[in-house]
Every structure is written in structure tokens, then in C-alpha cells.
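Since the structure comes first, as C-alpha cells, the remarks are kept for the end.
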Amino acid sequence: MADDLGFGDVGAYGAKPENVMTPNIDKLAEGGLKFTSGYCSASTCTPTRYSFLTGTYAFRKNNTGIAPPNSPAIIQPGTETIASILKKAGYKTAVVGKWHLGLGGPEGPNWNGELKPGPREIGFDFNFLLPTTNDRVPQVYVENHRVRDLDPNDPLWVGQKKPNPDHPTGITHRNTLRMNWNDGHNNTIHNGIGRIGFYTGGHTARFRDEDLADAWAKQSNKWITENKDEPFFLFFSSHDIHVPRMPHVRFQGKSGMSYRGDAIVQLDWNVGEIMRTLDRLDLTEKTLVIFCSDNGPVLDDGYDDEANETLGDHNPGGPYSGGKYTVREGGTRTPFISYWKGRIAPGTSDKMVSTIDLAASLAALTGVNLPEEGMLDSFNVLSALLGEKSAEGRDHIVSQDNGRRGNYGLRVGNWKLQRHDSERMYNGNLQMEAWTVPQYTLFNLTEDIKEMNNVYEKFPEVAKRMKNQLQSIIDNGYTRK
Ligand code: NG6
Ligand code: CA
């Protein structure tokens, strides 16, 4: 799962080689099934990841907006997840990379002690994590229940307020930054970059932004190798191409764009590393690989990294409008590829599938029953993922932007309803401006792929039907039959 990667950000989905090259991801698309209606469930990170793991839409649960640095665990122990399901089927399970779903009990993470509950309490045998996002503090790895390489004599403190009046911040020490901020990201400075939130201590545990991708490759390759003789499930959760975009020096300047493009090259390398490991272990024909993203693209996400200025003719959202934070197609329709050498015939699929469906689909693949009380919105789209003749995708998909009182999108066939409950609505230009719209808008994607022409008044029957459908999806509390 990539982070903030848009529909048009990879070669197989239309990115031009002079802007960015993604040979490893393209290889998956060429040798596997490239979905044109592959979705994630939200246009921000935490709700998509919540739904991906639990198989339930995040808007059903309070408090599933973008998680802050000291967020307690959002998914409670005892909740069935894609990992616990696969564990039941005898799989070894791991998550490597960005978590952003909180750690610890109601009081939040105990950074110097045991960080639980966390992934291990909801079905993962092993975790090696970046706790939230790398623009949020702290810059440390969490390996199983502990911060890795933490020196007990230099305890790690994480908080929302300045720990002391002299604590250097992105405001007081702005001239020392190597990447300037333009919105938020002006609290504690680490590695020359201002962050969201404050922290002190834990110096031996801190990493450099430039080394994240290498750490993910090392840990996932090691874990795959250790578990090669058993069935395994790896949730590989790259931080690329989220801000701060600070790729390793060997990837800097490797795209025709700024660090946003270089981070895509780095992500592609990470994908290649995993595929090379599978090849080396002779596992490629025994492994289903899914490539996806957690939300659509954003250019300027709070740092001056020239993503806008160097964009040229690159289209991060492909043909779609909107992106991260929006309920337009660009917010949740992303690259989505299923690859299984020898099992999935290469091709393109227009079946509607979502990251939220992976739980039910992998349960079907491994012969596990879904819990009666959970995975309320996960559909078994295995036949579509495998590209079988009888393939069935979804007949509808709901998207959301962030927390509970936010905005929704509902796609049924080629009709798209948007519902705006929040006062703030981001516009379609990947800019973070407030935009006022009617509460409901309706679009015909067949002739209006960019959702520009509101036909809500013109098609009152469709509008009414979809409005009611969305309302009952919310009220019923589930969509899985
Ligand atoms: C926003 C941050 C943005 C990003 C986002 C979460 C500011 C001004 N913006 O609040 O930079 O971190 O949260 O992104 O601080 S996500 O992909 O994890 O949802
Ligand atoms: Ca994201």
C-alpha cells in the first residue's frame, strides 16, 4: 500500500517516462490485472487503513479521522482483521511500514514501555513500524511492542505542547530548516524538518527520513525470508509519497519532477525489492501481490517541496479531478493491481474493487469464514481480483474524506453522488482551499469523468434513489449481505 499515490502517478496508469519511471510497478501491471476502478475507502490515510484492516467503513466508528501522534490504538483487541483472519488460516502475518492507527490504551502510547495494544493484539505476529506519518512526531521505529534502539537513560517524550520555552521549533528556528513549511509542520525539528507535535529524548532511536525506504526493504525481505516455508501475509505499508518527501540521496533527482517524483521512484524500487525477494525464494508463483494506495494525490501538503512548480504536464490524478481530502474520484480511485504469476492472466479490468474488500476476498481464498459481528462492508471480489470469467466486482462503493462528520461519495454504475456534510470542502485542484458546494451533487461519470457538471436537478429520480441508498448504508450499519 502506497501513501498518497494518485491514479496517474505511475507509468502503467499514464505517467510519462520523462516525468517519472516506475518499471517495477509497471511490471506488475503488465504481468497482472490492472484495475481501472480500483478504490481505497477514504481520501485520507487513517480511515482507509482502518477499513482495509477491519473490513468496515471507518465512518461507522467515531474518531477515525487522521490520527495524531499520541493517538491510542484505534482498532481494539478482539476485533477481527484481515491479519487475524489469515492467522486462522495458518498464515504468519506481519506489517512493515506506516501504521497511523494509534498505539496503546486509552491514555495513549507508553513510548518508553510496552506499546500495546497495537498490531500484535489484532492479528499480526510481527510489526516494524513508523507509528504515524513522518510529518508527525516521533521519528522512531516500533518493533513489536517497543521503540527500537531506545536508550532508557534518554527517555522519549511526545506531546502537543512545547516541553520548555527554549525548545527549538519550526517557528523559532525557521532559518535552520532544509525544507520550509507553509502550513502546520512547525513544531519540533528533526533532521532539519519541522514536524506536527513535539518530542524530546530518544536520540539513539531516531532515524533519518532518507533511510525509511531502505529500512522497509531490509525488514520485509528479512521477514519474508524467515517465513518462506510457511504461508505468510505481509502488509507492506510504504510511507512514500507522503510528506515530508525526502528520498534517499540515490533517488534524489531521479525523476523529471521534484522530490515528489523522486519519492515515486523510491516507492517503485521498494516494490522491486519485494518482487526480487519473492523471485529469489522461488515464491512468485505461490504469491498473490496486490498493489494499491491509501488515498489520492496531493501536491503541496504543507511543505515547500516544489511539487507544484515542477509538475509540468504530469497528471497525479490521471483523468480524475480532486485528490487527497476530497470525495471526487481522484480522492479514492487509485492504481490497483493484482498480480500472481501463473494464476492471474495479464489484462485490464473495469470491475469495481476496493481495499476494503481484501479481507473478505482473502478469507474466501484461504477458506476462512467471516465473523458474524465484524467486517461489515467487505465484499468477496476474489473472482474479480483473479480475473476469472465469471468475475463480479462491486455494484456500488462509498468513499469518505476524513472523520465522521465529513463528506461522502457514492458510486453506483456510472452515477456518482457526492454528499457534503462538512462546512469545509476541498476544491478539485489539489489545493487546500475551502469551497462551498450544495449538500448533494450528482454526476454522470460516462460523460463527465471530472465531476464538473452537477445534474442533481436534471435527474431527480436517480438523485433520490442514490441519496436514500447512501442514507440506508449509513443507518443500517453494514453493507455486507
Ligand atoms: C494533515 C497535514 C498533512 C498530512 C495529513 C495526513 C497539515 C497542515 N497537514 O493535517 O500534511 O499529514 O494531515 O495525511 O498539518 S494522511 O495521508 O496520513 O491522511
Ligand atoms: Ca495517505
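The values are calculated or read from the model by the stated rules, or taken from the named source; none is laboratory data. Predicted, not measured: the structure shown is a model, and the values here were computed from it. Neighbour counts are summed over all protein chains in view; Cβ atoms, including those assigned to glycine, are modelled from backbone coordinates with ideal geometry.
Quick notes
Every residue, every condition in (1) in contact with a strand residue (DSSP E or B) (Cβ under 6 Å, 6 or more places away or on another chain); (2) surrounded by 14 or more Cβ atoms within 10 Å (Cβ to Cβ); (3) closer than 25 Å to MET1 by Cα; (4) of a type in the set (A, V, I, L, M, F, W, C), yes or no:
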residue	(1), (2), (3), (4)
LEU150	no, yes, no, yes
VAL158	yes, yes, no, yes
HIS190	no, yes, no, no
PHE198	yes, yes, no, yes
GLY201	yes, yes, no, no
ALA215	no, yes, yes, yes
PRO231	no, yes, yes, no
PHE235	yes, yes, yes, yes
ASP240	no, yes, yes, no
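- Any hit, the range 367-380, residues being modelled with pLDDT of 95 or more, in a loop (DSSP other than H, G, I, E, B) and within 16 Å of ligand 1 (Cβ to nearest atom): no
- Qualifying residues in the range 301-338 (those that are of a type in the set (A, V, I, L, M, F, W, C) and modelled with pLDDT of 95 or more) - the one surrounded by the most Cβ atoms within 10 Å (Cβ to Cβ): ILE337
- One residue alone among ALA359, ALA345 is away from ligand 1 (no atom under 16 Å from the Cβ), in contact (Cβ under 8 Å) with a residue 24 or more places away in the chain and within 22 Å of GLY65 (Cβ to Cβ), and that residue is ALA359.
- Residue within the range 247-264 that is away from ligand 2 (no atom under 16 Å from the Cβ) and touching a strand residue (DSSP E or B) at 6+ places or on another chain (Cβ under 7 Å) present: no
- Selection count where residues are in a loop (DSSP other than H, G, I, E, B) and away from ligand 2 (no atom under 16 Å from the Cβ), scope the range 86-103: 4
- Candidate set: the range 53-80, residues that are under 16 Å from TYR478 (Cα atoms) and in contact with a Pro (Cβ under 6 Å, 6 or more places away or on another chain); chosen: the one farthest from ligand 2 (Cβ to nearest atom): GLU80
- Every pair of residues 6+ apart whose Cβ atoms lie under 7 Å, when the first sits in the range 1-22 and is touching a residue at least 24 places away in the same chain (Cβ under 8 Å) and part of a helix (DSSP H, G or I) while the second is within 16 Å of ligand 2 (Cβ to nearest atom) and not aromatic (Phe, Trp, Tyr): TYR13/PRO335
- Residue identified as within 16 Å of ligand 1 (Cβ to nearest atom) and within 24 Å of the chain's Cα centre (by Cα) among TRP216, TRP223, TRP181: TRP181
- In the range 316-342, the residue that is farthest from ligand 1 (Cβ to nearest atom) out of those that are part of a helix (DSSP H, G or I) and not acidic (Asp, Glu) is GLY330.
- For the range 291-315, filtering for residues that are more than 12 Å from ligand 1 (Cβ to nearest atom), over 13 Å from ILE241 (Cα atoms) and assigned to a loop (DSSP other than H, G, I, E, B) leaves 10.
- Residue list for the range 43-52, restricted to those being among the small types (Gly, Ala, Ser) and within 9 Å of ligand 2 (Cβ to nearest atom): SER43
- Options ILE66, ILE75, ILE82: the member that is among the β-branched types (Val, Ile, Thr) and surrounded by fewer than 19 Cβ atoms within 10 Å (Cβ to Cβ): ILE66
- First in the range 305-317 and over 11 Å from SER258 (Cβ atoms), second anywhere and not in a loop (DSSP other than H, G, I, E, B), Cβ under 7 Å, 6 or more apart: GLY317/GLY330
- Scanning the range 106-136 for residues that are in a loop (DSSP other than H, G, I, E, B), within 16 Å of ligand 2 (Cβ to nearest atom) and either among the polar types (S, T, N, Q) or touching a Gly at 6+ places or on another chain (Cβ under 8 Å) (or both) turns up THR132, THR133, ASN134, ASP135.
- Qualifying residue in the range 278-287 (condition: assigned by TED's automatic domain parsing to the domain that holds ASN19, under 18 Å from the mean Cα position of the chain (by Cα) and crowded, with 17+ Cβ neighbours inside 10 Å): no
- Residue match in the range 148-155 (condition: within 29 Å of TYR303 (Cα to Cα), out of contact with any Ser or Thr (no Cβ under 9 Å at 6 or more places or on another chain) and not acidic (Asp, Glu)): yes
- Listed by first and then second residue, the pairs with beta-carbon distance under 6 Å, at least 6 apart or on different chains, first residue in the range 255-272 and under 16 Å from PRO316 (Cα atoms), second acidic (Asp, Glu) and part of a helix (DSSP H, G or I), are SER255/ASP262.
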